[in-house]
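Inspection log for the structure reproduced underneath, given as structure tokens.
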Amino acid sequence: MAISVNIVKRVDILIKLRQNHTMMLETAAAKNILVLHGPNLNLLGSREPEVYGSASLDEINGRLSELAKDAGANLVNFQSNSEAELISRIQQAIRDTTDFIIINPAAFTHTSIALHDALAATRLPFIEVHLSNIFARESFRRKSYFSALALGVISGLGARGYYLALEYALHTR
Ligand code: DQA
């Protein structure tokens, strides 16, 4: 009798551990998604296509909007070359209905504590995306101020990185 009670307890503990683990890995499916693009990403398509690919920012944003619409979600794209504008847009997400952020901070990845702090202030889950593999390039690109705060990081998969991040945001429960 005592043995079977112990087994039941252990199974119960294992189930709870698994539930906690699942909760840590997964966020609720997002409905209002903000996609942020940092400096020089407006030049995508013509900017070093051998590094960043041939898709323009309009093409990437168009595909993201299409995927979100098909899933019944709202998606807003915002690109800026200015750190201040990006910070203001992130701060706006504290007050509006944004529930998930996908961000390619571009060169600010390696420099901006201010953008990191703005994202931290939102307390929203976000995925950091890079078209190129920042770990396989110059050493100054290997440091990211965002990765430790991000839910996940996708780097080196080109424009697909954005679509995969969106897929995660849309379909994870
Ligand atoms: C980038 C990588 C950064 O190092 C660079 O400054 C960018 C783009 C990428 O998407 O691969 O502008 O974030």
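Out of Ile102, Ile94, one residue alone is more than 10 Å from the ligand (Cβ to nearest atom), touching a helix residue (DSSP H, G or I) at 6+ places or on another chain (Cβ under 6 Å) and either of a type in the set (D, E, K, R) or touching a residue at least 60 places away in the same chain (Cβ under 8 Å) (or both). It is Ile102. Keeping to segment 143-173, report how many residues are more than 16 Å from Leu34 (Cβ to Cβ), in contact with a helix residue (DSSP H, G or I) (Cβ under 6 Å, 6 or more places away or on another chain) and buried (at least 18 other Cβ atoms within 10 Å of the Cβ). Adding up the residues that qualify gives 5. Regarding segment 48-55, can at least one residue be identified that is over 23 Å from Tyr163 (Cβ atoms) and either touching a Lys or Arg at 6+ places or on another chain (Cβ under 9 Å) or within 16 Å of the ligand (Cβ to nearest atom) (or both)? Checked against the condition, which is being over 23 Å from Tyr163 (Cβ atoms) and either touching a Lys or Arg at 6+ places or on another chain (Cβ under 9 Å) or within 16 Å of the ligand (Cβ to nearest atom) (or both), segment 48-55 yields no hits at all. Within segment 108-148, the set of residues being in a helix (DSSP H, G or I) and either at pLDDT below 95 or over 25 Å from Arg47 (Cα atoms) (or both) comprises Ile113, Ala114, His116, Asp117, Ala118, Leu119, Ala120, Ala121, Thr122. Residue-level analysis places Ala121 among those that are more than 16 Å from the ligand (Cβ to nearest atom) and surrounded by 13 or more Cβ atoms within 10 Å (Cβ to Cβ). Please verify whether Ser56 is of a type in the set (Ser, Thr, Tyr) and without any contact (Cβ under 8 Å) to a residue 40 or more places away in the chain, treating the condition exactly as stated. Taking the combined requirement at face value, the residue satisfies it. For the condition more than 16 Å from the ligand (Cβ to nearest atom), at pLDDT 95 or above and part of a helix (DSSP H, G or I), Ser4 does not qualify.
Screening Val129 on (1) near the ligand (Cβ under 9 Å from one of its atoms); (2) surrounded by fewer than 20 Cβ atoms within 10 Å (Cβ to Cβ) shows it passes everything except condition (2).
The values are calculated or read from the model by the stated rules, or taken from the named source; none is laboratory data. Just so it is clear, the structure is predicted and the values come from calculations on it, not from any experiment. Note that each Cβ is placed from the backbone with ideal geometry, even for glycine, and that neighbours are counted across all protein chains shown.
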